[in-house]
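The values are calculated or read from the model by the stated rules, or taken from the named source; none is laboratory data. Please read these numbers as outputs of a predicted model, since none were measured by experiment. Note that we place each Cβ from the backbone using ideal geometry, even for glycine, and neighbour counts take in every protein chain shown. Please note that ligands, DNA and RNA were not included when accessible areas were found on the heavy atoms of the full protein model with its side chains. Shrake-Rupley method; radii C 1.70, N 1.55, O 1.52, S 1.80 Å.
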Amino acid sequence: MITPEYCRVMARYNAWQNNAIWQLVDTMEPEALDLDRGAFFGSIRATLNHILWGDQLWMSRFDDGDGPACEPRDHVNLTANISDWWASRFRTDGRIKMWAAEVSALDLVGELSWYSVTEGREIHKPVAQCVAGFFNHQTHHRGQVHAMLTAAGMKPEDTDLVLMPVD
(Lines give C-alpha, C1' and ligand atoms only; values in the text may rest on other atoms or scores of the structure.)
Protein backbone atom coordinates (compact mmCIF):
# COMPACT_ATOMS: atom_id res chain seq x y z
CA MET A 1 0.00 0.00 0.00
CA ILE A 2 2.72 2.49 0.99
CA THR A 3 6.52 2.54 1.17
CA PRO A 4 9.13 4.08 3.45
CA GLU A 5 9.82 6.64 0.70
CA TYR A 6 6.15 7.66 0.75
CA CYS A 7 6.48 8.28 4.49
CA ARG A 8 9.59 10.41 4.01
CA VAL A 9 8.01 12.50 1.24
CA MET A 10 4.83 13.04 3.23
CA ALA A 11 6.77 13.94 6.39
CA ARG A 12 8.65 16.61 4.39
CA TYR A 13 5.39 17.81 2.83
CA ASN A 14 3.75 18.06 6.25
CA ALA A 15 6.62 20.17 7.65
CA TRP A 16 6.73 22.37 4.53
CA GLN A 17 3.01 23.10 4.70
CA ASN A 18 3.03 23.72 8.46
CA ASN A 19 5.89 26.18 8.06
CA ALA A 20 3.93 28.02 5.35
CA ILE A 21 0.90 28.25 7.64
CA TRP A 22 3.10 29.52 10.48
CA GLN A 23 4.36 32.36 8.27
CA LEU A 24 0.76 33.59 7.98
CA VAL A 25 -0.73 32.86 11.40
CA ASP A 26 2.23 34.47 13.15
CA THR A 27 1.08 37.80 11.68
CA MET A 28 -2.55 37.45 12.80
CA GLU A 29 -4.17 38.83 15.91
CA PRO A 30 -5.24 36.22 18.51
CA GLU A 31 -8.88 37.26 18.07
CA ALA A 32 -8.69 36.50 14.34
CA LEU A 33 -7.14 33.09 15.03
CA ASP A 34 -9.88 32.22 17.53
CA LEU A 35 -12.80 33.57 15.51
CA ASP A 36 -15.39 30.89 14.74
CA ARG A 37 -15.28 30.65 10.96
CA GLY A 38 -17.85 27.88 10.59
CA ALA A 39 -15.32 25.09 10.08
CA PHE A 40 -15.71 21.73 11.79
CA PHE A 41 -13.55 22.82 14.75
CA GLY A 42 -14.59 26.48 14.47
CA SER A 43 -11.45 28.56 14.40
CA ILE A 44 -8.06 28.48 12.75
CA ARG A 45 -6.26 27.89 16.06
CA ALA A 46 -8.67 25.14 17.13
CA THR A 47 -8.19 23.36 13.79
CA LEU A 48 -4.41 23.69 14.01
CA ASN A 49 -4.55 22.26 17.54
CA HIS A 50 -6.71 19.39 16.29
CA ILE A 51 -4.13 18.50 13.64
CA LEU A 52 -1.27 18.76 16.14
CA TRP A 53 -3.11 16.66 18.73
CA GLY A 54 -3.87 14.00 16.14
CA ASP A 55 -0.27 13.96 14.94
CA GLN A 56 1.02 13.51 18.47
CA LEU A 57 -1.49 10.76 19.17
CA TRP A 58 -0.64 8.82 16.00
CA MET A 59 3.09 9.26 16.53
CA SER A 60 2.76 7.79 20.02
CA ARG A 61 1.25 4.73 18.35
CA PHE A 62 3.94 4.57 15.67
CA ASP A 63 7.05 5.25 17.78
CA ASP A 64 5.86 4.34 21.30
CA GLY A 65 6.75 7.86 22.48
CA ASP A 66 4.65 10.34 24.40
CA GLY A 67 1.16 11.22 23.26
CA PRO A 68 -0.57 14.60 23.46
CA ALA A 69 -0.53 16.52 26.74
CA CYS A 70 -4.31 16.74 27.03
CA GLU A 71 -7.40 14.58 26.93
CA PRO A 72 -9.38 14.17 23.69
CA ARG A 73 -12.18 16.45 24.92
CA ASP A 74 -9.67 19.33 25.31
CA HIS A 75 -7.70 18.75 22.12
CA VAL A 76 -8.73 21.98 20.37
CA ASN A 77 -7.07 23.85 23.26
CA LEU A 78 -3.87 21.79 23.20
CA THR A 79 -1.84 25.01 22.99
CA ALA A 80 -2.89 28.32 24.54
CA ASN A 81 -1.60 30.59 21.78
CA ILE A 82 -0.09 30.46 18.33
CA SER A 83 3.51 30.79 19.56
CA ASP A 84 3.07 27.74 21.79
CA TRP A 85 1.40 25.97 18.86
CA TRP A 86 4.39 26.67 16.63
CA ALA A 87 6.94 25.47 19.19
CA SER A 88 5.04 22.21 19.65
CA ARG A 89 4.30 21.91 15.91
CA PHE A 90 7.99 22.34 15.06
CA ARG A 91 9.04 19.64 17.54
CA THR A 92 6.29 17.30 16.36
CA ASP A 93 7.25 17.79 12.71
CA GLY A 94 10.84 16.93 13.63
CA ARG A 95 9.60 13.80 15.38
CA ILE A 96 7.59 12.80 12.32
CA LYS A 97 10.57 13.33 10.01
CA MET A 98 12.85 11.33 12.31
CA TRP A 99 10.35 8.46 12.41
CA ALA A 100 9.96 8.55 8.63
CA ALA A 101 13.73 8.54 8.13
CA GLU A 102 14.00 5.30 10.08
CA VAL A 103 10.80 3.48 9.05
CA SER A 104 11.34 0.28 7.07
CA ALA A 105 9.10 -1.63 4.69
CA LEU A 106 8.69 -4.26 7.40
CA ASP A 107 7.46 -1.60 9.86
CA LEU A 108 4.60 -0.83 7.47
CA VAL A 109 3.11 -4.33 7.37
CA GLY A 110 1.02 -6.11 9.92
CA GLU A 111 -1.53 -4.75 12.32
CA LEU A 112 -1.53 -1.83 14.73
CA SER A 113 -3.61 -2.21 17.88
CA TRP A 114 -4.59 0.44 20.41
CA TYR A 115 -7.29 1.30 22.88
CA SER A 116 -9.36 4.24 21.64
CA VAL A 117 -10.67 6.43 24.45
CA THR A 118 -13.09 8.16 22.08
CA GLU A 119 -14.45 4.85 20.75
CA GLY A 120 -14.25 3.11 24.13
CA ARG A 121 -12.76 -0.05 22.66
CA GLU A 122 -9.69 -1.80 21.32
CA ILE A 123 -9.04 -1.16 17.62
CA HIS A 124 -6.95 -3.22 15.20
CA LYS A 125 -6.07 -1.89 11.74
CA PRO A 126 -3.36 -2.49 9.13
CA VAL A 127 -0.30 -0.36 9.89
CA ALA A 128 -0.08 0.91 6.31
CA GLN A 129 -3.71 2.06 6.44
CA CYS A 130 -3.04 3.89 9.71
CA VAL A 131 0.05 5.64 8.32
CA ALA A 132 -1.74 6.66 5.12
CA GLY A 133 -4.67 7.90 7.21
CA PHE A 134 -2.28 9.85 9.44
CA PHE A 135 -0.90 11.82 6.51
CA ASN A 136 -4.33 12.17 4.89
CA HIS A 137 -5.75 13.60 8.14
CA GLN A 138 -3.10 16.33 8.18
CA THR A 139 -3.74 17.27 4.57
CA HIS A 140 -7.51 17.27 4.97
CA HIS A 141 -7.59 19.61 7.95
CA ARG A 142 -4.81 21.86 6.61
CA GLY A 143 -7.09 22.33 3.61
CA GLN A 144 -9.71 23.67 6.00
CA VAL A 145 -7.13 26.02 7.52
CA HIS A 146 -6.10 27.11 4.02
CA ALA A 147 -9.72 27.95 3.21
CA MET A 148 -10.18 29.88 6.48
CA LEU A 149 -6.96 31.83 5.88
CA THR A 150 -8.05 32.65 2.33
CA ALA A 151 -11.47 33.79 3.58
CA ALA A 152 -9.67 35.97 6.15
CA GLY A 153 -7.85 37.78 3.32
CA MET A 154 -4.54 35.96 3.69
CA LYS A 155 -2.61 34.49 0.76
CA PRO A 156 -1.57 30.93 1.67
CA GLU A 157 1.22 29.30 -0.31
CA ASP A 158 0.51 26.69 -2.92
CA THR A 159 -0.24 23.26 -1.47
CA ASP A 160 0.55 21.10 -4.50
CA LEU A 161 2.83 18.24 -3.52
CA VAL A 162 4.68 18.46 -6.84
CA LEU A 163 5.69 22.06 -6.02
CA MET A 164 7.39 21.11 -2.74
CA PRO A 165 10.97 22.39 -2.76
CA VAL A 166 13.71 19.79 -3.01
CA ASP A 167 15.78 19.52 0.17
Q: Specify the angular offset, from 0 to 90 degrees and rounded to the nearest 10, of the alpha carbon long axis of helix 82-102 from the longest principal axis of the alpha carbons in the chain.
A: 30
(Q) Compute the helix-to-body angle for 4-25: its Cα long axis versus the longest principal axis of the chain, expressed 0 to 90° and rounded to tens. (A) 20
Q. Accessible area per residue of the range 1-67 at 1.4 Å probe, in Å²?
A. 45
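Suppose a student asked you for the relative contact order of the range 12-167, using Cα pairs under 8 Å spaced at least 6 residues apart; what percent would you report? Don't jump to the answer; show the numbers that get you there.
On the way: 143 pairs, mean separation 42.4, N = 156.
Computed value for the range 12-167: 27 percent relative contact order.
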Q: Based on the mean of other Cβ atoms within 10 Å per residue, sort peptides 14-23, 94-103 so the most packed one is first.
A: 14-23, 94-103
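Using the Cα centre as the reference, give the magnitude of the dipole from point charges on the C-beta atoms of the chain (Lys, Arg: +1; Asp, Glu: -1; all else neutral), rounded to the nearest 20 debye.
Details: 14 positive and 23 negative charges, 38 e Å.
Here the chain has a charge dipole of around 180 debye.
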Q. How long is the gain from Glu157 to Thr27 if the chain were fully straight, where each residue apart is worth 0.36 nm and the alpha carbon distance is subtracted?
A. 45.3 nm
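For Ala69 and Thr3, calculate 0.36 nm times their separation in residues minus their Cα-Cα distance, and state this gained length in nm to one decimal.
Values: separation 66, 0.36 × 66 = 23.76 nm, distance 3.00 nm.
Extra length available between Ala69 and Thr3 comes to 20.8 nm.
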(Q) For the range 80-127, what does the relative contact order come out to in percent, with C-alpha contacts under 8 Å and a separation of six or more? (A) 26
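With a ≥ b ≥ c taken as the square roots of the eigenvalues of the C-alpha gyration tensor of the range 78-147, please select rounded if a/c is under 1.5 and otherwise prolate if a/b is larger than b/c or oblate if it is not? Before the final figure, lay out each step's value.
Values: a/c = 1.87, a/b = 1.42, b/c = 1.31.
The shape class here is prolate.
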**Q.** Rule-of-thumb Rg ratio for the chain [Cα; 2.2 N^0.38 Å; N residues]
**A.** 1.03
Q: List, in order, the whole-Hz ³J(HN,Hα) value for each residue of the range 110-127 obtained from phi through the Karplus relation with A = 6.51, B = -1.76, C = 1.60 and θ = phi - 60°; use x for Gly and Pro.
A: x, 10, 10, 10, 7, 8, 8, 5, 5, 8, x, 7, 6, 10, 10, 9, x, 3
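Please state the relative contact order of the range 80-167 as a whole percent: Cα pairs under 8 Å, 6+ residues apart? Provide the component values of the computation, followed by the final result.
Values: 35 pairs, mean separation 12.8, N = 88.
Value for the range 80-167: 15 percent.
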Q.
With a 1.4 Å probe and all protein chains left in place, how much of the accessible area of the range 42-157 comes from carbon and sulfur atoms, in whole percent?
A. 53
Q. In degrees from 0 to 90, rounded to the nearest 10, what is the angle of the helix 44-63 Cα long axis to the longest principal axis of the chain?
A. 20
Q. Between the range 61-99 and the range 110-136, how many Å separate their Cα centres?
A. 18
Q. Non-local amide H neighbours of Leu112 (under 5 Å, H modeled in plane, Pro and chain starts lacking H): which ones?
A. Lys125, Val127
Q.
Can you give me the % of accessible surface on the range 1-40 that is carbon or sulfur? Probe 1.4 Å, all protein chains present, nothing else counted.
A. 56
